[in-house]
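Step one of this worksheet: look at the structure below.
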Amino acid sequence: MSRNISPRMNKVDAVCRKMAAAIRREFGEIERQQVKPEKFTAVVEKTALKTAQMILDELNTAYPEDTISIDGLPEVKGNGAGYSWVIQPLGARGNFSHGLGDIYSIFVCQKDGETQEAALYHPLTDELVIAQRGGGAYSSAIRLRVTGRIDLPTSLLCMAPDVGAEETQKILAPTVAEALESGINCRISNAPALDLIHVAAGRCDGFGGTGMHAAEVLFGDLLIREAGGVATDLKGRELNAASTTLAAANSKLHGQMLKMMAKARHK
């Protein structure tokens, strides 16, 4: 992990380890099929809400002046000091409900609307990934760097299509088909933020996602840029909290990916 971790990220670290036990316990019941299938969704939602409330209680106590926006809870307004949080308490819930361990919590801290720090916590592996503006992106003590690959046909692309998103049918599904026709390997995990970490770490070469949560987009934007890559939406536009799609890769592959997406979209 970065040596210069901020007080707010230190607090995130402590909150994550405090809430992990509850997530692991509920996940274990689904994984071992100790819950009836028709109750899987209810268990996931209950876990997400419990996690959200725990996060809110901890952060609001530590930083009462901050504005805190957590998926599933009403926004808590701060005193206008400038700091705000965008938080996804439990991401990749579809994986959770099927007993698949690719799940996470995301914390994005902004100052005057600009993302300063972002973190992802994987409760099953106890991994915390932190990106800091101007300070790099780290997993434990390892600094993350995007791949140096420049040849799209030999790349491994992570695709995260949300089946209910309009852009999935218009852009991403045709892009996956185009990639496969061209012999490009694609990976679909239904865990977009973890895919983005794979790209930031150079394990995968590019990413395309639709229907993404604001925390996933803001985290991915900072993470990829601090790892030396480029992140935009699927049409090449700058990302913000209202964005729901994301394309990420190194500077060479990113342009090639956008061209492939445009070609697939206009077929």
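The values are calculated or read from the model by the stated rules, or taken from the named source; none is laboratory data. This structure is a prediction, so every number in the text was calculated from the model and none was measured. Glycine also receives a Cβ, built like all others from the backbone with ideal geometry; neighbour counts cover every protein chain displayed.
A few comments on the model shown:
- Yes/no for residue 104 being touching a His at 6+ places or on another chain (Cβ under 7 Å) and of a type outside the set (S, T, N, Q): yes
- Among (1) outside any loop (DSSP other than H, G, I, E, B); (2) within 20 Å of the chain's Cα centre (by Cα); (3) surrounded by fewer than 19 Cβ atoms within 10 Å (Cβ to Cβ) - the single one residue 252 does not satisfy: (2)
- Where strands (runs of 3 or more DSSP E) sit wholly within region 138-238, none has at least 2 residues that are of a type outside the set (A, V, I, L, M), within 17 Å of the chain's Cα centre (by Cα) and in the same structural domain as residue 70 (by TED's automatic domain parsing).
- Only one of the numbered conditions (1) assigned to a loop (DSSP other than H, G, I, E, B); (2) under 15 Å from residue 90 (Cβ atoms) is not met by residue 64, and that is (2).
Residues are listed down the side, and each one gets a yes or a no for (1) under 18 Å from residue 222 (Cα atoms); (2) crowded, with 22+ Cβ neighbours inside 10 Å; (3) in contact with a Ser or Thr (Cβ under 8 Å, 6 or more places away or on another chain); (4) modelled with pLDDT of 95 or more:
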{"site": "164", "(1), (2), (3), (4)": "no, no, no, no"}
{"site": "178", "(1), (2), (3), (4)": "no, no, no, no"}
{"site": "181", "(1), (2), (3), (4)": "no, no, no, no"}
{"site": "186", "(1), (2), (3), (4)": "no, no, no, yes"}
{"site": "189", "(1), (2), (3), (4)": "no, no, no, no"}
{"site": "192", "(1), (2), (3), (4)": "yes, yes, no, yes"}
{"site": "196", "(1), (2), (3), (4)": "yes, yes, no, yes"}
{"site": "205", "(1), (2), (3), (4)": "yes, yes, yes, yes"}
{"site": "211", "(1), (2), (3), (4)": "no, no, yes, yes"}
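- Residue check, residue 244 in contact with a His (Cβ under 8 Å, 6 or more places away or on another chain), modelled with pLDDT of 95 or more and surrounded by fewer than 24 Cβ atoms within 10 Å (Cβ to Cβ): no
- Boolean, residue 88 is in contact with an Asp or Glu (Cβ under 6 Å, 6 or more places away or on another chain), in a strand (DSSP E or B) and either under 29 Å from residue 250 (Cα atoms) or at pLDDT 95 or above (or both): yes
- Beta carbons closer than 9 Å, at least 6 apart along the sequence or on distinct chains, pair a first residue in region 1-28 that is outside any helix (DSSP H, G or I) and among the charged types (D, E, K, R) with a second that is surrounded by fewer than 20 Cβ atoms within 10 Å (Cβ to Cβ) and modelled with pLDDT under 95 for 3/141.
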